[in-house]
Amino acid sequence: MLTTIYIDADACPVREETYKIALRHNVSVVVVSNSFLRVMQHPLISRFIVNDSFDAADDYIAERANENSIVITADILLAERCLKAGAVAIAPNGKAFTNDNIGSAIAVRAIMVDLRAGAGSENIGGPRPFTAADRSKYLQVLHETVVRLERG
C-alpha cells in the first residue's frame, strides 16, 4: 500500500513544504479543510473540503489514517486518534507525536485549557511564533519519515 500524507490544513503553515517532499518521493497528499484553500495543481495532490461541523476535518482524517499514513496536524487530540490507527503524526514545527509523548502532550493541553479558562486569555500566552527553524526541522522530519515508510 502506498503512503499518503494528510494535512489538517486550516491554519497549517507548511503546506508548500509538504508538497515539496511529497513530489520528491512520489507520495500522494490530501489537503483537508472546512473551507476552500488553494492547493498546488498536481496529480499527487488533492483537496477535500469537509462541512463546517465541529471536528469534521479531524474525523475525515482519523477515519482514513492507517500504518501507511502521515498526518500533519497541530491538533494533539487528532494526533492521538491517528497514532491509535497506526499512522505517523507530525506537528508543523517538526515535532513528531509518538505513543511515548502523546499522553504528556494531552495533559499539558488540558492544563493550558484550564489556565486560560480561569485566568482569561489575556494573561496566558498561546504557542510561540512559527520560525524558520521550525520550518527547517519540519522538512527534515517529514523527509526522514517518508523515507522510513518507503523502506517498510
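Numbers below:
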| quantity | calculated |
| --- | --- |
| Whole-number D in µm² s⁻¹ for region 4-151, Kirkwood Cα-pair radius fed into Stokes-Einstein, 25 °C, 0.890 mPa s | 154 |
| Reachable lysines, given that their alpha-carbon falls under 16 Å from the alpha-carbon of Lys20 and they are not under 8 places away in the same chain | Lys137 |
| In degrees, nearest ten, helix 102-119 long axis to first principal axis of the chain (Cα) | 40 |
| Rounded to 5, the percent of DSSP beta bridges in the chain classed as antiparallel | 15 |
| Relative contact order (%) - criterion: Cα under 8 Å, at least six apart; region: the chain | 21 |
| Selection of chymotrypsin sites (Phe, Trp or Tyr not before Pro), region 7-57, meeting DSSP coil and at most 10 other Cβ within 10 Å | Phe36, Phe54 |
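Coordinate-derived values only; no laboratory data. A quick note: this is a predicted structure, and the numbers were derived from the prediction, not measured. Every residue, glycine as well, gets a Cβ built from its backbone with ideal geometry; the counts of neighbours run over all protein chains shown.
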